[in-house]
1. Give me the pairs: first residue in the stretch 91-114 and open to solvent by less than 30 Å² (accessible area, probe 1.4 Å), second residue outside any strand (DSSP E or B) and of a type in the set (S, T, Y), beta-carbon distance under 7 Å, and six or more apart or on different chains, which are they?
2. Specify which of the listed residues (L322, L246) is surrounded by 14 or more Cβ atoms within 10 Å (Cβ to Cβ) and modelled with pLDDT of 95 or more.
3. Among the residues of the stretch 155-172, are any in contact (Cβ under 8 Å) with a residue 60 or more places away in the chain, surrounded by 15 or more Cβ atoms within 10 Å (Cβ to Cβ), among the small types (G, A, S) and touching a Leu at 6+ places or on another chain (Cβ under 6 Å)?
4. Quick one: Q42 ticks every box in (1) part of a strand (DSSP E or B); (2) in contact (Cβ under 8 Å) with a residue 40 or more places away in the chain bar one, so which box is it?
5. Looking at (1) farther than 30 Å from I26 by Cα; (2) surrounded by 17 or more Cβ atoms within 10 Å (Cβ to Cβ), find the lone condition where G80 falls short.
6. Just for strands (runs of 3 or more DSSP E) wholly inside the stretch 342-437: which have at least 1 residues that are of a type in the set (S, T, Y) and touching a strand residue (DSSP E or B) at 6+ places or on another chain (Cβ under 8 Å)?
7. Looking only at the stretch 197-207, which residues are in a strand (DSSP E or B) and surrounded by 14 or more Cβ atoms within 10 Å (Cβ to Cβ)?
8. Based on what the data block shows, is L135 under 18 Å from D328 (Cβ atoms) and either open to solvent by less than 30 Å² (accessible area, probe 1.4 Å) or acidic (D, E) (or both)?
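The values are calculated or read from the model by the stated rules, or taken from the named source; none is laboratory data. Source: prediction; values computed, not measured. Neighbour counts are summed over all protein chains in view; Cβ atoms, including those assigned to glycine, are modelled from backbone coordinates with ideal geometry. Quick note on the areas: whole protein, heavy atoms, side chains included, nothing else; ligands and nucleic acids left out. Shrake-Rupley method; radii C 1.70, N 1.55, O 1.52, S 1.80 Å.
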Amino acid sequence: KIMSLSSSLNAGVMGLGANATRLATISDNISNSATYGYKRSQVDFSSMVLNQRSTIYSAGGVMANVSRDVSALGSLIGTGNSTDIAIVGRGLLPVTNANGIQSTGQTRDLMLTQTGSFYPDQNGNLRTQSGQFLLGWPTDSAGDIGDVSRNSGTNLEPVNIATSQFVSSPTSQIGLGINLPANATQVGADPAAVYNLPIEYFDNLGRAQNLTLNFSPSVPAAGASNTWQVDIIDNSTGAPVSIGQLEMTFNDQQGTGGTLASVTGTNGATYDPLTGKVSLTLPHGPVEVEIGGPNSNGGLTQLSAEFSPTSITKDGSPIGDLQFVEIDDNGFLQAIYDTGFRRPLYQIPVADVPNTNALQARDGQAFSVSGASGDLYLWDAGSGPVGQVAGYALMESTTDIASELTDLIETQRAYSSNAKIVQTVDEMLQETTNLKR
């Protein structure tokens, strides 16, 4: 019987310890109710059973199992900061600590968080006030990340915007929409007429340069030739330099009248009828000029109307000063410059593991992969099981104050009851001791 009393005492003490653990999690949850990205801690109690005999019962007690509900999602709130980032749904952002900035991908301490208010530090690295540095894959000007490892952070790099403070983009594509006057290629037209079209483009240093297309009609002795000679002049070297010629013939049949029939490129200009583009070599590099394919209504036309450039488009931009960065739904961190030019700098992947609740908690609402969580995989935002990335947003704490206060009352009652058990067993043992007197 004394053994039963001892087990009762032990069970009461274990109950005090278990409820003290629960009280600690409640305190932590309430104190972090306003902490962005905080994941609520919770305690599950499990009974412990001792080997029993039919005539004597020994209390086994209780054991507290603490975990964090990492899979729970807090509400998203909008902010005015473009680098406030949150995941909309499942998934976590890859981050590292200050030591990881100087480390390689293989040795860097990779951590995960679901939201963060990032800002550039003195070196241009995006970080939070708690010392977490955002990681991403660098992209080229087209947003391509190349071949990267998605099962580890090997290819991830600290997101740095200082190197993108000034940028320019050279022109590589030009699109033309022009109508040439059909009357200019008929008998009796002025054979010396030349129609000039200046086109601005940008070189590798962000300087504006000028390309001129001189359209000269071929005037026949009779009828209409529907043929034009085009001399392409580049002025970037300070003096006009011919970099190619084109001979263009237009259709005048029913159904295809006014469209290109054929184009021949010479002296540095080549024409691809499949793409409808003319390839040129400018001092800063190759440029493709889209004029339209044979029998196509787009690009260049020859109709009975005035010479009129209806559409001139080009890519590239002059030198621009970085104004701010923002992230899109697909996780691409975009730099926006004062010239209106935008370019992707990094792609921020969304990390996921099979068992998110088994991630190991770290400081600053961060987590790291554990053996029980399963292997890491880095998804593109919005693909697979993970959600999209939201800029100008933060995720609130998953703590429910009303629920925590209810648990607090239950814990207080349970703790008092276990204390009463200890007191009762103590009194009973005292009575047993008094029997010897």
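1. G105/T154
2. The unique qualifying residue is L246.
3. Looking for residues that are in contact (Cβ under 8 Å) with a residue 60 or more places away in the chain, surrounded by 15 or more Cβ atoms within 10 Å (Cβ to Cβ), among the small types (G, A, S) and touching a Leu at 6+ places or on another chain (Cβ under 6 Å), one finds at least one in the stretch 155-172, hence yes.
4. Result: Q42 passes all but (2).
5. (2)
6. By residue number, 342-347, 366-368, 377-379.
7. Scanning the stretch 197-207 gives L197, I199, E200, Y201, F202.
8. Considered against the rule, which asks whether it is under 18 Å from D328 (Cβ atoms) and either open to solvent by less than 30 Å² (accessible area, probe 1.4 Å) or acidic (D, E) (or both), L135 comes out as yes.
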